[in-house]
There are 2 protein chains.
Amino acid sequence: MQSWVDGQPANALASLKDRGLAYGDGLFETIAVKAGQPLLLELHLQRLALGCSRLAIAADQALIRSELLAYAQAMGEGILKLILTRGDSLRGYGASPEAKPRRILQASPAAAYPDAYGQQGIALFDCATRLAEQPLLAGLKHLNRLEQVIARSEWQDPAYAEGLMRDTSGRVIEGVFSNLFMVRDGVLMTADLHRCGVAGVMRAALLAAAERLFIPCHVTDISLAQLQQADELFLCNSVYGVWPVRAFADLSWPVGPLTRKLQGIARTLLDV
Amino acid sequence: MQSWVDGQPANALASLKDRGLAYGDGLFETIAVKAGQPLLLELHLQRLALGCSRLAIAADQALIRSELLAYAQAMGEGILKLILTRGDSLRGYGASPEAKPRRILQASPAAAYPDAYGQQGIALFDCATRLAEQPLLAGLKHLNRLEQVIARSEWQDPAYAEGLMRDTSGRVIEGVFSNLFMVRDGVLMTADLHRCGVAGVMRAALLAAAERLFIPCHVTDISLAQLQQADELFLCNSVYGVWPVRAFADLSWPVGPLTRKLQGIARTLLDV
């Protein structure tokens, strides 16, 4: 399906002065679409609105919502990517107050991951690339993604489905395109993302589910030593749901009961 | 003058899948052009080649050089901006080995800064935005520039021509779009840029000039306390040359002799 730019079918970016291109000055969302519905839409819109607020991008959230709904309807099924930039710029980092945010919607086929990733779990690569600590950008799905690009280039071996990223202080943070949860003594844990990392939509949905189900859950700093002592380990995102981690470095894990429970919840959230 | 994309006149970016737009996956250079000549071209090309090497972007450096020369010739005078992206991508952070780097050349009029900035010096804003420490990206002029965008949004008062940025550990690093030098007891000092910052072309040219002139120069960590005890302070970049700093926070400085000397050298480098 053809892309839309500002609500109109387009194959090209009409302006070479877009600040998304010049500075990565914008945000994005990657949304699973089934039966014409954008899944987890409210959580995607919440994160986008938070990003707009923190980066002071004055985008029309109601317009974005209606455009996502219309585009998903036209798509039917697949992955919908929204790129929202601050719009055009003169030369220089200063943004004009008149800059009009630009909305780019793109469709791609549904992700074709092996079923085994969800069933038997995945092997997690140990990335050397560290995430820098930048509280001003932490949590946001902004367009400054060179750290992820470099991390993803570290391995070509298809035996690894994802890679673990730590921050420059060595804390365990997330996957390259996923969030990470661990279970220890019945307690769910996921990284505090106030210094770096992307606060994923599926992570938010699973945290809410854990609260509803009275599963104790800590959002906290996690060391590599703690990770190594996990009883269960899993990754999540809003496209594939939950992948158990069965191997990392010289460690291995069976797929645990809490992982299976949350995987079931994720599956429900990604169904229509 | 019209922009060029991959050597052809163009007003638009033909692809919405460009990784520069999606992830800030690329580099840029901002080059002063006079009498049809791109100034400090060798230093710009050196930094670009280093960036390509560190980010593993397989761009044709000879082609870029010849294109910059041809475009500058056609421009005559002004500012030439080159954006080099890794090219198009499928969905996801992984880059295809077949991705073809994309070259975007844009012209804008020569910068119109008041003469007073160079003559009497400028007042330097104290930015709250800190630079994150990321050795993998430090020094490069890459497209992930949200920190600069946020820092530049901190002040609107035209009394400040530039802003000082420290890193998250509090070290003094650079201006938002300039590098910073200080003089203390006849010794020139500028920040070590191995953790963050952009290694500017004019900074490199002035470091080389200082060596030729036997001016002692340290590239080192600089604390705010050291900055406050500077005898002279100045900023530089490859468009405006050298601006003395006359005021920062509650401190003020006269324009010092070493600043004037290096300003003269910068002026020569930006002449044809």
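The values are calculated or read from the model by the stated rules, or taken from the named source; none is laboratory data. Computed from a predicted structure; not experimentally measured. Positions of Cβ are generated from backbone atoms using ideal geometry, with glycine treated the same way; all protein chains shown enter the neighbour counts.
Numbers below:
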{"quantity": "Test: A:LEU63 is touching an Asp or Glu at 6+ places or on another chain (Cβ under 7 Å), more than 18 Å from A:PRO109 (Cβ to Cβ) and away from every other protein chain (no Cβ under 14 Å)", "calculated": "no"}
{"quantity": "Flag if A:GLY26 is under 25 Å from B:ALA10 (Cα atoms), touching a residue at least 12 places away in the same chain (Cβ under 8 Å), crowded, with 17+ Cβ neighbours inside 10 Å and outside the structural domain of A:ASN144 (by TED's automatic domain parsing)", "calculated": "yes"}
{"quantity": "Pick from region A:44-60, criterion part of a helix (DSSP H, G or I) and within 14 Å of chain B (Cβ to nearest Cβ), ranking: nearest to A:GLN8 (Cα to Cα)", "calculated": "A:CYS52"}
{"quantity": "The lone exception for B:GLU29 - which of (1) within 14 Å of chain A (Cβ to nearest Cβ); (2) farther than 27 Å from A:ASN144 by Cβ; (3) not small (Gly, Ala, Ser) it fails", "calculated": "(2)"}
{"quantity": "Matching residues in region B:72-90 - criterion: being more than 9 Å from every other protein chain (Cβ to nearest Cβ) and part of a loop (DSSP other than H, G, I, E, B)", "calculated": "B:GLY76, B:GLU77, B:GLY87, B:SER89"}
{"quantity": "Considering residues of region A:228-250 that are of a type in the set (A, V, I, L, M, F, W, C) and out of contact with any helix residue (DSSP H, G or I) (no Cβ under 6 Å at 6 or more places or on another chain) only, the residue surrounded by the fewest Cβ atoms within 10 Å (Cβ to Cβ)", "calculated": "A:ALA249"}
{"quantity": "Boolean, B:LEU69 is more than 9 Å from every other protein chain (Cβ to nearest Cβ) and either over 17 Å from the mean Cα position of the chain (by Cα) or among the acidic types (Asp, Glu) (or both)", "calculated": "yes"}
{"quantity": "Qualifying positions in region B:164-190 - basic (Lys, Arg) and part of a strand (DSSP E or B)", "calculated": "B:ARG166, B:ARG184"}
{"quantity": "Qualifying residue in region A:116-136 (condition: closer than 27 Å to A:VAL5 by Cα, surrounded by fewer than 21 Cβ atoms within 10 Å (Cβ to Cβ) and out of contact with any Phe, Trp or Tyr (no Cβ under 7 Å at 6 or more places or on another chain))", "calculated": "no"}
{"quantity": "Test: residue in region B:245-253 that is outside any strand (DSSP E or B), among the charged types (D, E, K, R) and under 21 Å from B:ALA209 (Cα atoms)", "calculated": "no"}
{"quantity": "Out of B:LEU41, B:LEU50, sole residue that is free of Cβ contacts under 8 Å to residues at least 40 places away in the same chain, within 15 Å of the chain's Cα centre (by Cα) and either surrounded by fewer than 20 Cβ atoms within 10 Å (Cβ to Cβ) or in the same structural domain as B:ALA205 (by TED's automatic domain parsing) (or both)", "calculated": "B:LEU41"}
{"quantity": "Residues satisfying the stated conditions in region B:105-133, i.e. within 9 Å of chain A (Cβ to nearest Cβ), small (Gly, Ala, Ser) and not in a strand (DSSP E or B)", "calculated": "B:ALA111, B:ALA132"}
{"quantity": "Enumeration of residues in region B:86-107 that are of a type in the set (Ser, Thr, Tyr), at pLDDT below 95 and either assigned by TED's automatic domain parsing to the domain that holds B:VAL255 or surrounded by 14 or more Cβ atoms within 10 Å (Cβ to Cβ) (or both)", "calculated": "B:SER89"}
{"quantity": "The listed residue being outside the structural domain of B:ALA204 (by TED's automatic domain parsing) and in contact with a Phe, Trp or Tyr (Cβ under 6 Å, 6 or more places away or on another chain), out of B:ILE83, B:ILE31, B:ILE57", "calculated": "B:ILE83"}
{"quantity": "Selection status of A:TYR93, part of a loop (DSSP other than H, G, I, E, B) and touching a Phe, Trp or Tyr at 6+ places or on another chain (Cβ under 9 Å)", "calculated": "yes"}
{"quantity": "Out of B:ALA151, B:ALA161, sole residue that is among the hydrophobic types (A, V, I, L, M, F, W, C) and either assigned to a strand (DSSP E or B) or surrounded by fewer than 19 Cβ atoms within 10 Å (Cβ to Cβ) (or both)", "calculated": "B:ALA161"}
{"quantity": "Checking B:SER3 against (1) farther than 19 Å from A:ASN144 by Cβ; (2) at pLDDT 95 or above; (3) more than 12 Å from chain A (Cβ to nearest Cβ), the condition it does not meet", "calculated": "(3)"}
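Let's see how each residue does on (1) of a type in the set (Val, Ile, Thr); (2) touching a strand residue (DSSP E or B) at 6+ places or on another chain (Cβ under 7 Å):
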site: B:ASP60; (1), (2): no, no
site: B:ILE79; (1), (2): yes, yes
site: B:LEU82; (1), (2): no, yes
site: B:ARG86; (1), (2): no, yes
site: B:GLY94; (1), (2): no, no
site: B:LYS100; (1), (2): no, no
site: B:SER108; (1), (2): no, yes
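Listed here are the residues, each with its yes/no results for (1) closer than 30 Å to A:CYS127 by Cα; (2) under 18 Å from the mean Cα position of the chain (by Cα); (3) more than 8 Å from chain A (Cβ to nearest Cβ).
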| residue | (1), (2), (3) |
| --- | --- |
| B:LEU136 | yes, yes, no |
| B:LEU143 | yes, yes, no |
| B:VAL149 | yes, yes, no |
| B:GLN156 | no, no, yes |
| B:ALA159 | no, no, yes |
| B:MET165 | yes, yes, yes |
| B:GLY175 | no, yes, yes |
| B:VAL183 | no, no, yes |
